[in-house]
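Here the structure comes first, spelled out in structure tokens, and everything after it is commentary.
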Amino acid sequence: MKAIDLGGFAEKFAADDDPWRTFSNRDEAVKRRAILHALGQGPWGRVLELGSGNGSNSRAIARRALRLDATEGTVEGTRLTARAIAAWPRARAIPLALPARFPRRDYDAIVIAELLYYLSPIAMRHVARGVAAALRPGGRLVLAHHRIDYYDFAQHAADIQECFLRMTGMTWQVETMRRRARWHVLVARRCDGVPRTGLSSRHR
């Protein structure tokens, strides 16, 4: 694998507004419904999305969020995200190259989709610690990632979501929303007051 960098993503978005067909692909629509289901019935409070890409998930989330911070590492992706959520004044597209400080100090929900394996292990650890600090007690963390490797990943996809949760140093109650051969969507809820670090799993 040869990892793609932000410059590579910028080139893809500059050449094509939807390089992975996330707006039109049926499988992507199924994944997006699983993400929304993982968030639960809205309206949601403050939601943080990391790595919004072209805003295909952002637009769906913005419809139910009281406030959405959709962050994206490239200028081109931020522009596309801003266009996708333009109809929702309480949603904003924010340029943010990870790892970095999040726009707000605390969130009710955080969504990370198709991002973690593009980060180095060190960068992923920084993001994990940031999520642990920013997600409020009782908040939801939604992770949606491929289970198989692609040529441009920086890390292998297998078990990367579970690895990320361990990196947060927190205890989580984890539930699978949807699992397919190629991808996996899960929701992790903070288990505050539990003295040890670990995962407790439940599957649908």
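The values are calculated or read from the model by the stated rules, or taken from the named source; none is laboratory data. Being a predicted model, the structure only gives us computed values, none of them experimental. For neighbour counting, all protein chains shown are included, and Cβ atoms are generated from backbone atoms with ideal geometry for every residue, glycine included. Side chains included, ligands, DNA and RNA excluded: accessible areas come from the protein's heavy atoms. Shrake-Rupley method; radii C 1.70, N 1.55, O 1.52, S 1.80 Å.
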First in the range 166-180 and closer than 18 Å to residue 138 by Cα, second anywhere and assigned to a helix (DSSP H, G or I) and acidic (Asp, Glu), Cβ under 9 Å, 6 or more apart: 174/162
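Would it be correct to say that residue 42 is open to solvent by 10 Å² or more (accessible area, probe 1.4 Å), in a loop (DSSP other than H, G, I, E, B) and under 21 Å from residue 188 (Cα atoms)?
Working: open to solvent by 10 Å² or more (accessible area, probe 1.4 Å): yes; in a loop (DSSP other than H, G, I, E, B): yes; under 21 Å from residue 188 (Cα atoms): yes.
Spelling it out, residue 42 is indeed open to solvent by 10 Å² or more (accessible area, probe 1.4 Å), in a loop (DSSP other than H, G, I, E, B) and under 21 Å from residue 188 (Cα atoms).
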With the condition kept exactly as written, say whether any residue in the range 71-78 is part of a loop (DSSP other than H, G, I, E, B), farther than 22 Å from residue 188 by Cα and hydroxyl-bearing (Ser, Thr, Tyr). yes
Subset of the range 98-122 [aliphatic (A, V, I, L, M) and surrounded by fewer than 17 Cβ atoms within 10 Å (Cβ to Cβ)]: 100, 122
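Could you say which residue among 100, 113 is in contact with a His (Cβ under 9 Å, 6 or more places away or on another chain), modelled with pLDDT of 95 or more and closer than 24 Å to residue 18 by Cβ? Lay out the reasoning, then the answer.
Values: 100 fails: closer than 24 Å to residue 18 by Cβ.
Being in contact with a His (Cβ under 9 Å, 6 or more places away or on another chain), modelled with pLDDT of 95 or more and closer than 24 Å to residue 18 by Cβ holds for just one of 100, 113, which is 113.
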Condition set outside any loop (DSSP other than H, G, I, E, B) and among the hydrophobic types (A, V, I, L, M, F, W, C), scope the range 95-113, selection nearest to residue 45 (Cα to Cα): answer is 109
Which pairs do you get when a residue that is farther than 18 Å from residue 57 by Cβ, found in the range 1-27, comes within reach of a residue that is open to solvent by less than 60 Å² (accessible area, probe 1.4 Å) and outside any loop (DSSP other than H, G, I, E, B), reach meaning Cβ atoms under 6 angstrom, with the pair 6+ apart or on two chains? 10/76; 14/76
Subset of the range 127-170, residues hydrophobic (A, V, I, L, M, F, W, C), outside any loop (DSSP other than H, G, I, E, B) and within 17 Å of residue 1 (Cα to Cα), comes to 160
Can you tell me how many residues in the range 180-193 are in contact with a His (Cβ under 8 Å, 6 or more places away or on another chain) and of a type in the set (D, E, K, R)? 1
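Does the range 114-126 contain any residue that is assigned to a strand (DSSP E or B) and in contact with a Pro (Cβ under 8 Å, 6 or more places away or on another chain)?
Within the range 114-126, the first condition is being assigned to a strand (DSSP E or B), and the residues that meet it are none.
The answer is no; no qualifying residue exists.
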